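The values are calculated or read from the model by the stated rules, or taken from the named source; none is laboratory data. In this text, all values refer to a predicted model and were calculated from it rather than measured experimentally. FYI the Cβ positions are ideal-geometry reconstructions off the backbone, even for glycines, and counts take in every protein chain you see. Protein only, heavy atoms only, side chains kept; ligands, DNA and RNA dropped before computing areas. Shrake-Rupley method; radii C 1.70, N 1.55, O 1.52, S 1.80 Å.
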Amino acid sequence: MGDDDGEDILGDTTPESVLGDVDYNEDYEDEFNVIYPSADLNPVDDDYIFNPYHSQWNAGDLGQEFGFEYLAVFHTERGEYIPRVAEEWSIDEEGLRTEVTLSDEYAWSTGEPITAHDFVTAYKLDGYMGLGMEDFVDIEEGVYAEDDYTIVIEPRDEYRDMEEELWIEEWAEMILQVSDEQYGHFVEEFEEAETDEEIESVQESILNYDLSWDEVMYSGPWIFVEANEEFADQIPNPEHPIAQEWDFFQRIGVYVDEEGVQSGEVDWGDDSPDLDDVPDMYGEGPLPYDGQSFAIIFGTEDEYIRDYPEVRQAIAYAVDVPFLTETTATEGTDYDEYSTGVDSLYVEDYVESDVLEAMENYGPEDTDRAAELLEDVGFEQEDGEWLTPDGETWTLNFPVGDWFDIHSEMISNNLAEFGIDMDFYVEEMPTWQAETEDNLDYDLTVQLNYGMARDYHPYADFDDVFNNNTMGLFTERTGMIDEEVEVPEVGNPDGDTVTIDIEEELDEMSTADSEEDLIDHATTLAWVHNQTLPALVCYPWGGGHYWVNTEDWDFDLESDDWLTSNRITHYLLENGLEPV
């Protein structure tokens with residue numbers, strides 16, 4: 001926690017409990033109705049991390065979506081943003097200077113008003129940590145509070161003509177998980193840092209800033225007020241303008257996961273595709289999408305996977321993606337036929353239809369095609385086992401996090417049946433993230449956040465694919481895809497080879513000033529992804545619908561208020577909840 005000179009960066013900012021500052025109804029157990037969610041999120045032993053910058057942050061829906069409020073949320077059916085803390089915004093037609101006016105009705109759980117300074121702190125920290133809009137905005141000068149309830153955001157000079165839709169994507173769906181009071185000192189430290197070493201020191205400090213459940217200032221509709229070995233309680237935030245009117249609270253950890261739903265004791269729970277024997281008392285709200293996909297990620301440790309697109313394509317053809325989707329995805333989800341790097345639920349809006357039709361569909365299992373591709377590279381099959389061009393048994397290291405144990409076992413079985421020697425094993429998710437994902441220690445693995453969740457735009461998806469800080473092809477998984485690649489001419493797999501400059505296409509997409517230009521660049525990069533296949537995108541990750549107890553509570557299953565990125569939280573904010 002010190003810099004190179006031994007100075008304590010955190011100083012006297014070590015967090016302490018703020019629960020005593022929360023003016024909540026301590027008789028809630030007697031006066032409120034109780035509702036039981038299935039999520040097993042009891043923060044009693046600090047198993048759940050509330051610092052959003054921590055490398056193993058895992059607050060989950062109850063900690064993130066319920067505990068913190070958004071500037072605005074995106075409605076996936078209407079295709080528009082619904083203001084929350086934001087009252088309105090205005091964008092200059094020339095230059096894109098943006099003013100966001102905030103409501104003065106929102107406050108932190110401690111009673112402190114939520115102001116523009118809080119959002120500016122959040123935007124700046126995201127930028128300094130490489131997680132925000134730093135590509136488009138000078139984080140130090142380009143986002144500031146004009147007054148307590150007005151945020152000003154200005155793009156860098158080179159992006160003043162960028163497409164307005166992409167510009168809004170950069171800042172509109174900001175979730176306020178950090179307060180200026182608790183995190184503002186980090187901004188000051190970043191702005192005073194003069195060397196890379198000093199910046200890295202501040203980054204390290206914020207990564208290790210540890211907040212317990214009772215030390216968190218909550219901006220959203222729910223706050224934790226109790227956590228013990230048996231259960232945890234979330235009650236309506238008395239400072240939230242909507243939730244303060246609710247008369248129900250959540251008791252967490254009593255009936256959990258699939259067993260809780262099957263018992264009939266849970267009042268709402270996440271859907272699991274393999275959940276059977278669901279009591280008749282439950283209904284399903286409609287399903288939103290959140291802009292990310294479940295994918296098989298190819299690593300760079302195996303030279304054949306790294307150097308030969310044909311080998312990656314062969315692995316793809318050996319997996320039965322339609323059956324994987326049917327078995328592990330939410331009911332009604334279609335597999336991704338294109339593997340473009342753009343979420344398949346909106347790829348048709350941004351990629352030319354004739355090019356989509358010309359793309360390779362890797363989904364249906366085709367072991368004959370897979371064998372042909374491997375043999376073209378020099379592999380041979382002997383006694384049902386694939387040997388490398390060097391005559392050695394081809395063994396693939398396939399570690400996965402335990403969120404995807406069923407998914408990955410099916411994939412491993414497909415590849416083993418095809419004749420690949422699989423070193424397949426499952427790790428606890430935090431271990432996988434810290435040791436396997438961060439160190440790129442895999443030949444292939446699986447992850448759900450392929451593409452940029454909650455940005456709903458091809459630029460965000462492609463920028464994430466190539467430049468993110470865990471699996472980016474130019475930043476982490478280097479050596480697989482060069483910045484300039486040769487592929488068949490766009491839309492013609494049998495055509496002449498052309499050279500595509502990926503960085504140039506990304507840059508031009510980010511400044512495209514018309515829908516036609518945007519689609520042109522998105523189509524080119526989608527074609528590159530489909531032909532080079534740095535990952536096999538299997539299906540869109542919808543986030544799952546909820547099983548909700550319609551027998552005891554007045555859930556409206558026909559409402560389109562379920563169809564936002566904020567899912568059940570937004571539904572409750574729009575509709576409330578009453579016993580039947």
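Some notes on this structure:
- Test result for PRO43, closer than 15 Å to VAL216 by Cα and modelled with pLDDT of 80 or more: yes
- Those residues of the range 400-437 which are assigned to a strand (DSSP E or B), at pLDDT 95 or above and within 20 Å of TYR539 (Cα to Cα), in sequence order: VAL400
- Per the conditions (1) out of contact with any His (no Cβ under 8 Å at 6 or more places or on another chain); (2) closer than 14 Å to VAL85 by Cβ, the sole criterion not satisfied by ASP148 is (1).
- If you go through the range 470-503 and keep only what is touching a residue at least 60 places away in the same chain (Cβ under 8 Å) and either among the polar types (S, T, N, Q) or crowded, with 16+ Cβ neighbours inside 10 Å (or both), you end up with MET471, LEU473, ARG477, THR478, MET480, VAL490, GLY491, ASN492.
- Test: residue in the range 525-544 that is in contact (Cβ under 8 Å) with a residue 24 or more places away in the chain and open to solvent by 30 Å² or more (accessible area, probe 1.4 Å): yes
- Answer residue from the range 338-372, given it is without any contact (Cβ under 8 Å) to a residue 40 or more places away in the chain and under 14 Å from PRO540 (Cβ atoms) and is most open to solvent (accessible area, probe 1.4 Å) among those: GLU348
- Being in contact (Cβ under 8 Å) with a residue 24 or more places away in the chain, closer than 30 Å to GLU173 by Cα and either open to solvent by 30 Å² or more (accessible area, probe 1.4 Å) or among the small types (Gly, Ala, Ser) (or both) is a property that does not hold for THR393.
- Cβ-Cβ under 8 Å pairs, at least 6 apart or on other chains, the range 143-157 side under 12 Å from TRP89 (Cβ atoms), far side assigned to a strand (DSSP E or B) and open to solvent by 60 Å² or more (accessible area, probe 1.4 Å): ILE151/TYR144; VAL152/TYR144; VAL152/GLU146
- Residue list for the range 303-329, filter: in a loop (DSSP other than H, G, I, E, B), out of contact with any Leu (no Cβ under 6 Å at 6 or more places or on another chain) and open to solvent by less than 20 Å² (accessible area, probe 1.4 Å): VAL319, ALA329
- Among the residues of the range 116-152, just one is in a loop (DSSP other than H, G, I, E, B), under 24 Å from TRP213 (Cβ atoms) and open to solvent by less than 40 Å² (accessible area, probe 1.4 Å), namely MET129.
- Remark: pairs (first residue in the range 317-337, touching a residue at least 40 places away in the same chain (Cβ under 8 Å); second residue β-branched (Val, Ile, Thr) and open to solvent by 10 Å² or more (accessible area, probe 1.4 Å); Cβ separation under 8 Å; 6+ apart in sequence or on different chains) = TYR317/THR367; ALA318/THR367; THR325/THR333; THR327/ILE406; THR328/ILE406.
- Only listed residue being within 25 Å of the chain's Cα centre (by Cα) and either open to solvent by 60 Å² or more (accessible area, probe 1.4 Å) or modelled with pLDDT of 95 or more (or both), chosen from TYR70, TYR28: TYR70
- Condition check for SER205: hydroxyl-bearing (Ser, Thr, Tyr), under 24 Å from SER219 (Cα atoms) and assigned to a loop (DSSP other than H, G, I, E, B): no
- Single condition ALA59 does not satisfy, out of (1) among the hydrophobic types (A, V, I, L, M, F, W, C); (2) at pLDDT 95 or above; (3) out of contact with any helix residue (DSSP H, G or I) (no Cβ under 9 Å at 6 or more places or on another chain): (2)
- Filter result (buried (at least 19 other Cβ atoms within 10 Å of the Cβ) and charged (D, E, K, R)) within the range 179-225: ASP180, GLU189
- Of all the criteria given as (1) among the hydrophobic types (A, V, I, L, M, F, W, C); (2) within 24 Å of the chain's Cα centre (by Cα); (3) at pLDDT below 95, the one not satisfied by LEU533 is (3).
- Qualifying residues in the range 77-103 (those that are of a type in the set (Gly, Ala, Ser) and at pLDDT below 95) - the one surrounded by the most Cβ atoms within 10 Å (Cβ to Cβ): GLY95
- The range 456-481, residues that are more than 13 Å from HIS529 (Cβ to Cβ), in contact with a helix residue (DSSP H, G or I) (Cβ under 8 Å, 6 or more places away or on another chain) and assigned to a loop (DSSP other than H, G, I, E, B): TYR456, HIS457, THR470, MET471, GLY472, PHE474, THR475, GLY479
- All positions within the range 539-562 that are modelled with pLDDT under 90 and closer than 30 Å to ASP320 by Cα: PRO540, TRP541, GLY542, GLY543, GLY544, HIS545, TYR546, TRP547
- Residue match in the range 345-363 (condition: over 28 Å from the mean Cα position of the chain (by Cα), under 25 Å from LEU473 (Cβ atoms) and outside any helix (DSSP H, G or I)): no
- Of the numbered criteria (1) at pLDDT 95 or above; (2) crowded, with 21+ Cβ neighbours inside 10 Å; (3) charged (D, E, K, R), the one GLU163 fails is (1).
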